[in-house]
1. Could you derive backbone 3J(HN,Hα) for segment 30-47 from the dihedral phi with the Karplus parameters 6.51, -1.76 and 1.60 (θ = phi - 60°), listing whole Hz in sequence and x where the residue is Gly or Pro?
2. Over 19 Å between Cα atoms, which of 11/65; 6/81; 11/59; 20/65; 31/91; 31/59 qualify?
3. Take residue 56 and residue 16, extend 7 Å from each Cα along the Cα→Cβ direction, and tell me the distance between the two endpoints in nm.
4. Could you tell me which residue out of 21, 90, 77 lies farthest along the dipole of the chain toward its positive end? Charges go on the beta carbon: Lys and Arg +1, Asp and Glu -1, centred on the Cα centre.
5. Roughly what % of DSSP beta bridges within the chain run antiparallel, to the nearest 5?
6. In Å, what Rg and Dmax follow from the Cα atoms of the chain?
7. Taking the Cα-to-Cβ direction at residue 63 and at residue 24 and moving 7 Å from each Cα, how far apart do the two end points lie in nm?
8. If Lys and Arg each add +1 and Asp and Glu each add -1, what is the summed charge of the other residues whose beta carbon sits under 11 Å from the beta carbon of residue 59?
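No lab work stands behind these numbers, since they all come straight from the coordinates. Treat the numbers as computed from the prediction; the structure is a model and nothing was measured. Because the Cβ atoms are built from the backbone with ideal geometry, glycine has one as well, and the counts that use them run over all protein chains shown.
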Amino acid sequence: MITSFKGKIAKDIWERNQSKSLPRDMWLRAKALLTIMHSTSSIDDLRIKGQPPDIRLHKLKGDRKDYWSVTIKLPWCITFKFRDGEFLEVKIENYH
């Protein structure tokens with residue numbers, strides 16, 4: 001379940017199905033990935049349910065080692081922390 005957002009883009013997609021910052025052609029896929037995350041309680045479930053092409057679920061490294069990432073469409077990703085069955089600090093960003 002998503003319990004917190006970090007940044008305006010993810011919150012806008014979740015609540016309004018649109019964003020001024022994210023290209024329009026990515027809105028639907030971003031919302032679908034957020035919906036999968038919200039209905040999931042483990043990373044393994046996300047791997048199983050998250051079968052859109054090129055989801056690229058992976059753990060980040062370095063100073064972002066506490067975060068995971070899934071790809072909307074490069075270079076845009078959803079980054080998040082995962083703890084005790086909850087998705088925290090969910091953010092849509094171009095971090096590459």
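1. 4, 5, 4, 5, 5, 5, 4, 4, 5, 9, 10, 10, 8, 4, 4, 4, 5, 4
2. From 11/65; 6/81; 11/59; 20/65; 31/91; 31/59, over 19 Å: 11/65; 11/59; 20/65; 31/59.
3. Distance between the two pseudo-spin positions: 2.7 nm.
4. 21
5. Bridges in the chain are about 85 percent antiparallel.
6. 12.0, 33
7. Going from the residue 63 label point to the residue 24 one covers 3.6 nm.
8. Taking every Cβ under 11 Å from that of residue 59, the sum is +3.
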